[in-house]
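The values are calculated or read from the model by the stated rules, or taken from the named source; none is laboratory data. All values derive from a computational prediction rather than experimental measurement. When we count neighbours, we look across all protein chains shown, and the Cβ atoms used for this are built from the backbone with ideal geometry, even at glycine.
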Amino acid sequence: MVATTKTGEGWSSRSAFILAAIGAAVGLGNVWRFPTLAGENGGGAFVLFYVACVVLLGLPLVLSEIFIGRAGQTDAVGSIKKVAADSGVSSRWSVFGAIGAIAAFLILSFYSVVAGWVLYYVGVMGADLMQAIGSGDPFRGALAGESQEAIQGRMGDLFASPMLLLAMHFVFMGGTLYIVARGVHGGIEKAATWLMPAFFALLVGITIYGAIVGDMGDALAFLFTPDWSRLTPQAMNEALGQALFSLSLGVAGLITYGSYIREGHKLGSTSAAIAVADTSVALLAGLMIFPIVLAVGLDPAAGPTLVFQTLPFAFQSMPAGALIGFLFFVLILVAAITSSISLLEVPTAYGIGELGLRRHSSALLFGGGAFLIGIACLLGYNVWSDVRPLGFWPLFAETDILDTVDGFTGKVMLPLGALLTSLFIGWRADRKLVQQTTGLTGGMFALWRFLIAWLCPIAVTIILVTGLFPAVLGG
Ligand code: PHE
């Protein structure tokens, strides 16, 4: 039997919740953004600082968000109001639930566009694999006979075609909407229990492949040998922001997923499982990608195109590159969809809990809205390429539409959501309620309280300020 919460939804087991939450956390952030940033910021020192951010700031915030959801048992805004009422403080704190829901909605809009690129590459590599099989050489390298320029040019061709971008965005958003409309039990949970094991199998398989055919020694050295001079304030700022993004923090995603938990979970160990899994996947993704990139002598600092332009070319000279390249993009797509459903679930739950909408209508309203904003993002690569939505703001003066939505949510909204969460939990929420619901006691509770009440607000304020006013960094 499935326990139900106020919204009438619930996970069928503890492991179902953990899988779904890991599915939400593990996404483009791990397999695309993390390797990109680690590469751009010189590897080692960035990676170690990132891990410190996850342990000291991310983990306490994960537990805080799950606690709010578990205690509130409804959408993010309603859950915060409930905890506030039970703690005898103002219900206005619920504003960070609303900020989170708006951030999730905005992130979804460009997330679906980027996932659309992945979908396109699944198609490109899939067609190439079919051809390899047809030609009787299924284990040949990827995109045989194509020059490096031609392979890299594929991304430019995609970006120049609004129709192609739109079609991919449409299919991905449609899939996300379909799963969310089916509900927590029949949609989100089912997707996670099928897709996450497939994801892990692919990840481990391709990493082993990379270790055999690629240059694992160089990759390990690149990822884990710190050169502290590369750890600039800008890099630290990016690492902190990436930790929030990757753990899905500040968008009320874990409040929403936490609200579907039934009695009796150990929230501390559950939170640790989520943070450990998310970080391991990011590191493994690095160990999957860099041996291949380095073996071919390509540049690990290629930036956002690393995965789309550098890797397909690397797969050309790899044994079975056509097959592995195809599986690689399938893996990213799987990671993306279990995250996008969590992004859509946040505003959808808000619509159900606060606006009284039915699930289908709420998912359609917010999924459709994000789809429209996504169209603006993808047009920013072609017909609207000189539009600068926040051009009046020096920080975003040169930024196209997609990067503006990404930058504004990542640099402003997520840190703000995380800051308010830590202040609320650290200073306002009733201590007994927190202890009872989380099951934390003694030294663990004291440590968590210290991190959430002191370290998080201070560190997150630093991200906000340095993110918004790069001049402070002297940059
Ligand atoms: N954590 C996801 C990723 O790494 C992105 C995400 C952010 C998902 C916020 C949900 C909420 O790709």
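Reported count of residues in the stretch 77-99, each being out of contact with any helix residue (DSSP H, G or I) (no Cβ under 7 Å at 6 or more places or on another chain) and not in a helix (DSSP H, G or I), is 1. Scanning the stretch 246-258 for residues that are under 15 Å from the mean Cα position of the chain (by Cα), of a type outside the set (S, T, Y) and either under 15 Å from L59 (Cβ atoms) or away from the ligand (no atom under 11 Å from the Cβ) (or both) turns up L247, L249, G250, L254. Checking the stated criteria, P319 turns out not to satisfy the condition of being out of contact with any Pro (no Cβ under 6 Å at 6 or more places or on another chain), surrounded by fewer than 23 Cβ atoms within 10 Å (Cβ to Cβ) and within 16 Å of R33 (Cβ to Cβ). Number of residues in the stretch 329-387 that are surrounded by 18 or more Cβ atoms within 10 Å (Cβ to Cβ), among the polar types (S, T, N, Q) and more than 16 Å from the ligand (Cβ to nearest atom): the value is 1. Within the stretch 259-280, the set of residues being part of a helix (DSSP H, G or I) and either charged (D, E, K, R) or modelled with pLDDT under 95 (or both) comprises L267, G268, S269, T270, D278. Condition check for S90 on (1) touching a residue at least 12 places away in the same chain (Cβ under 8 Å); (2) out of contact with any Asp or Glu (no Cβ under 7 Å at 6 or more places or on another chain); (3) closer than 30 Å to F424 by Cβ: one failure, at (1). Restricted to the stretch 42-72, and to residues that are small (G, A, S) and within 14 Å of the ligand (Cβ to nearest atom), which residue is farthest from the chain's Cα centre (by Cα)? Going through the qualifying residues, I end up with G69. Being under 19 Å from L48 (Cα atoms) and not acidic (D, E) is a property that holds for V281.
Residues in the stretch 210-235 that are out of contact with any Leu (no Cβ under 9 Å at 6 or more places or on another chain), closer than 25 Å to T466 by Cα and not in a helix (DSSP H, G or I): D227 only.
The test for being crowded, with 17+ Cβ neighbours inside 10 Å and within 30 Å of A363 (Cβ to Cβ) holds for G100.
Filter the stretch 392-418 for residues that are buried (at least 21 other Cβ atoms within 10 Å of the Cβ) and among the hydroxyl-bearing types (S, T, Y); which is farthest from A85 (Cα to Cα)? That would be T404.
Looking only at residues in the stretch 21-33 that are among the small types (G, A, S) and more than 7 Å from the ligand (Cβ to nearest atom), which one is surrounded by the fewest Cβ atoms within 10 Å (Cβ to Cβ)? The extreme case among them is G23. Just one residue in the set E189, E149 is surrounded by fewer than 22 Cβ atoms within 10 Å (Cβ to Cβ) and acidic (D, E); that residue is E149.
Just to check your reading of the model, which residue among P197, P233 is closer than 24 Å to A275 by Cβ and surrounded by fewer than 19 Cβ atoms within 10 Å (Cβ to Cβ)?
Exactly one residue qualifies, and that residue is P197.
Only one of the listed residues (A25, A85, A76, A16) is at pLDDT 95 or above, of a type outside the set (D, E, K, R) and within 15 Å of A273 (Cα to Cα). That residue is A25.
For the stretch 164-193, a tally of residues being under 19 Å from the mean Cα position of the chain (by Cα) and of a type in the set (F, W, Y) returns 1. I18 meets all of the listed conditions (1) within 16 Å of the ligand (Cβ to nearest atom); (2) within 30 Å of R431 (Cβ to Cβ); (3) buried (at least 24 other Cβ atoms within 10 Å of the Cβ); (4) of a type in the set (V, I, T) but one, namely (3). Can you find, within the stretch 419-475, the residue that is surrounded by the fewest Cβ atoms within 10 Å (Cβ to Cβ) among those that are polar (S, T, N, Q) and within 14 Å of L59 (Cα to Cα)? This residue is T438. Checked across the stretch 34-41, the condition of being away from the ligand (no atom under 12 Å from the Cβ) and either within 20 Å of L451 (Cβ to Cβ) or in a loop (DSSP other than H, G, I, E, B) (or both) holds for at least one residue.
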